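Written out below as structure tokens is the structure these notes cover.
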Amino acid sequence: MDIFVVIILGIVQGLTEFLPVSSSGHLVLLENIFGVSDGSLFLNVVLHFATLVAVVIFYRKKLWDIVKRPFQPTTAYLVIATTITCVIVLLFSDFFENAFSGGLLAWGFILSAIFLLATEWISRKYEKENYPYIRVGYKQSILLGLFQGLAILPGISRSGTTLCAGIVMGVEKKEALDFSFLMSIPIIFASLVYELVKCKFQIAFVGVGVVELVVGSITAFVCAMLGIKLMLKVVEKVQYKWFAIYLLILAVITIMVI
């Protein structure tokens, strides 16, 4: 696999994992554009692991606090949300795996755009009315787990969908985003384990070399760190409409390419 393609995939995976634009949808689209097939599964696993490391490092203080105080409410909320997401994925795994066709991927991008536009409108309405924001609780963690499960569908952003759900439920924007990122840690890890188990740990270095894997991992890690910082700034300014416009353009491109 050309190292230029690997770098592009690393940049896209790193940035889009935490921006509300669907990393899986971008990878599917780019792999079709570049004609990537050999080694794509193993490369995707490696790139996802790099983004997992990035979010763990970024939220190391919060994670260490959870480790030191495992019976705090945040732990329970994360366990509930993750369990619900995993149940949804396991129940509908066959459907999710067969859903990455051109039409469904495009509709996923469109649905994500609608979520973002609705969230910006509701968020601005809350601000004008001085809405009394709430904290993440058991009810919110259940719903966030459900929405995270929905985001397994192609083209639907996990970070965008869970952030939108949190804000619409009245959770303060920064807390909603922090919880969304913390939720990503167990679910990304679970998805990596699932892919390895599904392939019976027989994924080989087919079509992609060690150098390409290292370069792709570093690229994805750096871009993931930038993506997290960028999203933390964006969420305060409520500029989701630009991501929505981008997703609508991407939907048109997807229909033309796939």
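The values are calculated or read from the model by the stated rules, or taken from the named source; none is laboratory data. All of these numbers come straight from a predicted model, not from anything done at the bench. Cβ coordinates were reconstructed from backbone atoms using ideal geometry, including for glycine residues, and neighbour counts include every protein chain displayed. When the accessible area is computed, the model is the full protein with side chains, heavy atoms only, and any ligands, DNA or RNA have been set aside. Shrake-Rupley method; radii C 1.70, N 1.55, O 1.52, S 1.80 Å.
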## Note on the structure
Two pseudo-spin positions, 7 Å from Cα along C-beta at VAL257 and at LEU230, lie apart in nanometres by 1.6
#### Entry: Nonlocal amide H pairs with ILE134, under 5 Å, H built at 1.01 Å
VAL171, GLU172
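If you roll a 1.4 Å probe over the range 1-93 with all protein chains in place, what percent of the accessible area is carbon or sulfur? The partial results should precede the final answer.
Values: 3120 of 4330 Å².
Taking all protein chains in place, the range 1-93 shows 72 percent carbon and sulfur surface.
Please compute the per residue accessible area over the chain with all protein chains in place, 1.4 Å probe, rounded to a whole number of Å². Walk me through the intermediate numbers first.
Details: 12440 Å² over 258 residues.
In whole numbers, the chain has 48 Å² accessible per residue.
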### Query
By how many degrees, between 0 and 90 and to the nearest 10, does the Cα long axis of helix 3-16 differ from the longest principal axis of the chain?
10
### Message
Given Cα positions, please report Rg to Rh for the range 43-145, the hydrodynamic radius being the Kirkwood one.
### Response
1.03
### Query
From the backbone phi of the range 147-156, what are the Karplus-calculated ³J(HN,Hα) couplings (6.51 cos²θ - 1.76 cosθ + 1.60, θ = phi - 60°) in whole Hz, Gly and Pro given as x?
5, 5, x, 4, 6, 5, 5, x, x, 9
#### Entry: Calculated on alpha-carbon atoms, Rg and Dmax of the chain in Å
17.8, 56
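How large, in Å, is the range 138-258 by the Kirkwood hydrodynamic radius built from its alpha-carbon pairs?
Details: mean 1/r = 0.0599 Å⁻¹.
About 16.7 Å for the range 138-258.
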### Task
Springs between alpha-carbon atoms under 10 Å, Gaussian network over the chain: tell me which of LEU63, LEU150, LEU117 tops the mean-square fluctuations.
LEU63
### Cβ crowding within 10 Å averaged over residues, with 151-160, 22-31, 134-143 ranked highest first
151-160, 22-31, 134-143
### Summary
Most fluctuating of ILE80, ILE33, ILE122 in the GNM of the chain (C-alpha, under 10 Å) is ILE33
### Using θ = phi - 60° and Karplus 6.51 cos²θ - 1.76 cosθ + 1.60, couplings along the range 173-180 (whole Hz; Gly, Pro as x)
4, 5, 5, 4, 5, 4, 5, 4
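Where nothing but the Cβ of Lys and Arg (+1) and of Asp and Glu (-1) is charged, how large is the charge dipole of the chain around its Cα centre, in debye to the nearest 20?
Details: 19 positive and 16 negative charges, 194 e Å.
With Lys and Arg at +1 and Asp and Glu at -1, about 940 debye.
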